[in-house]
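Q: Next up is a structure, given as structure tokens.
The values are calculated or read from the model by the stated rules, or taken from the named source; none is laboratory data. This one's a predicted model, so the numbers in the text were calculated from it and none came from an experiment. With ideal geometry, Cβ positions are generated from the backbone for all residues, glycine too; neighbour counts draw on all protein chains shown. In case anyone asks, the SASA skips ligands and DNA or RNA and just uses the protein heavy atoms, side chains included. Shrake-Rupley method; radii C 1.70, N 1.55, O 1.52, S 1.80 Å.
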Amino acid sequence: YRSDFTKKVQEVMGYILSSPETYPDITVRFHVAEYLLSIDPLNEDAICVKCSILSRTGKKGLAKIHFDSFVKAYEELMGSPYPRSFGEVVK
């Protein structure tokens, strides 16, 4: 039951992240991204949204710190480098 519930929550929150025209509030999208990253630290959509929002709100250094942390975890767990650059993520 818990696994199914978590999966459903991730699906709904993933939809929120992938639909900025439906959910334009960046505060909501930012918190959704943070929550998804707490459940799944390698959620690429969530790190892209989080870093993009931080960058657009003038917190580029903080965005880079979170991105670098994500890249390090990705490389450790996946055994290969993350295929996207910081610039690609925050555009």
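Q: For the structure I just gave you, tell me whether Ser38 is at pLDDT below 95 and either in contact with a Gly (Cβ under 8 Å, 6 or more places away or on another chain) or not aromatic (Phe, Trp, Tyr) (or both).
A: Criteria met by Ser38.
Q: Among the numbered criteria (1) at pLDDT below 90; (2) within 22 Å of Phe70 (Cα to Cα), which single criterion is violated by Ile26?
A: (1)
Q: A further question on this structure: Out of all the residues in the stretch 10-22, which are farther than 22 Å from Ala73 by Cα, open to solvent by less than 30 Å² (accessible area, probe 1.4 Å) and assigned to a helix (DSSP H, G or I)?
A: Ile16
Q: Hey, can you tell me all the residues within the stretch 6-37 that are over 19 Å from Val90 (Cβ atoms) and among the basic types (Lys, Arg)?
A: Lys7, Lys8
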